[in-house]
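What follows is one structure encoded as structure tokens, with my remarks underneath.
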Amino acid sequence: TILQTFVTEDLITTGSQYKFSESGIYYCPDVESPDEFIEYIRTFPLNPAPEAFGMHENCNITCAQNEALKLLEGILTVSAKGSGGGEGKSYEQQCDAIAEGILAKVPEIFELDVVESNFPTMYEESMNTVVKQEALRYNTLLNIMRWSLPEFRKALKGLVVMTEVLENMGKALFTNQVPDLWADKGPLSLKPLSAWILDCVERVAFLEAWTSHGTPKVYWISGFFFPQAFLTGALQNYARKYQLAIDTLGFGFQIRDDIMDPKTEILKKPDDGVFVFGLFLEGCRWNDDKHLLSESRPKELYSEL
């Protein structure tokens, strides 16, 4: 798409009248000598806008955010962790308070026997297998969290040995980063620790509602630990219903931009396929009026689909 801007017949026929960007700064001048080209290049802005590379203006925001995050991560990594002055809490006290707060938010683990009883393996409903796999994966994460947080608090008080794993976990808690011990067992995420905990609680709540009230009419696709299994389950249900080979199937998509709140407005499951919400677009947005993809709005990096 970017090459089409530069390799086009319009450039040959219109010359300098053809602009490479909306601002009109970048074009091919009607000159011949190297000195004239150099003189034209000197008129370029010192800091080129994203349009010079065929990109959206929001790229500047993403670039600035990434640089700021890297700078802050570096500052937190090298920050001193000694005792606070005056009435401030020490490093150990702050870590203990953070661990205590997180432990209070950690959801209860799923009773796999109950889930197996309510959602037995069935040929006609592959989602029963999906929900059991999701519960098992989240249980692994929750068990690690429920074990490591009390152990870390004990280690801070000298009741158990402060191992390297627990020490690294404490550093991560202090700098609002997800400990590697949890990240290795959890779903893929780029969120900081505080947002990651809230997201984890919401994911488990979604799965808890599923196991308690039955298969949902609409699925929060962002809440799946392993969404590939969910997508495969949807294909498998269709393939078994119509006696088709699953490897010959693909997904078709219908954007329901007439629905504002899918959790309350969708009252029954579709005859075929699944309803999902929780998808986001980066680099574009869905136009509800024209029912197609459009340019992103300024300063809007992500838009809900």
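Annotation: amide H of Tyr219 within the under-5 Å range of Phe275, Val276, Phe277, sequence separation 5 or more or interchain, hydrogens built in the peptide plane. For the chain, modelled as a GNM whose springs connect Cα atoms under 10 angstrom apart, the maximal fluctuation among Ser23, Ser90, Ser126 occurs at Ser23.
Once the chymotrypsin sites (Phe, Trp or Tyr not before Pro) in DSSP loops with at most 14 neighbouring Cβ atoms within 10 Å are cut out of the chain, the longest remaining piece is 1-122. Note on Lys241: lysines with a C-alpha under 21 Å away, same-chain residues under 8 apart excluded, are Lys217, Lys268, Lys269. For the pair Ala49 and Glu265, a Förster radius of 51 Å applied to the C-beta separation gives a FRET efficiency near 0.80, rounded to the nearest 0.05.
Of the residues Ile41, Ile221, Ile246, the one that moves most in a GNM of the chain with alpha-carbon contacts below 10 Å is Ile41. Solvent exposure of the range 159-305 amounts to 64 Å² per residue of accessible area, where only protein heavy atoms count and the probe is 1.4 Å.
Proximity of backbone amide H atoms, modeled 1.01 Å from N, is registered between Tyr27 and Phe20 at under 5 Å, excluding neighbours fewer than 5 places apart on the same chain. The lysine pair count for the range 73-176, using Cα distances under 21 Å and pairs eight or more places apart or on different chains, is 11.
The values are calculated or read from the model by the stated rules, or taken from the named source; none is laboratory data. On a predicted model such as this, the values are computed, not experimentally measured, just so you know. Reconstructed Cβ throughout: ideal geometry from the backbone, glycine too, with neighbour counts over all protein chains shown. What goes into the accessible areas is simple: the full protein's heavy atoms, side chains included, and nothing from ligands, DNA or RNA. Shrake-Rupley method; radii C 1.70, N 1.55, O 1.52, S 1.80 Å.
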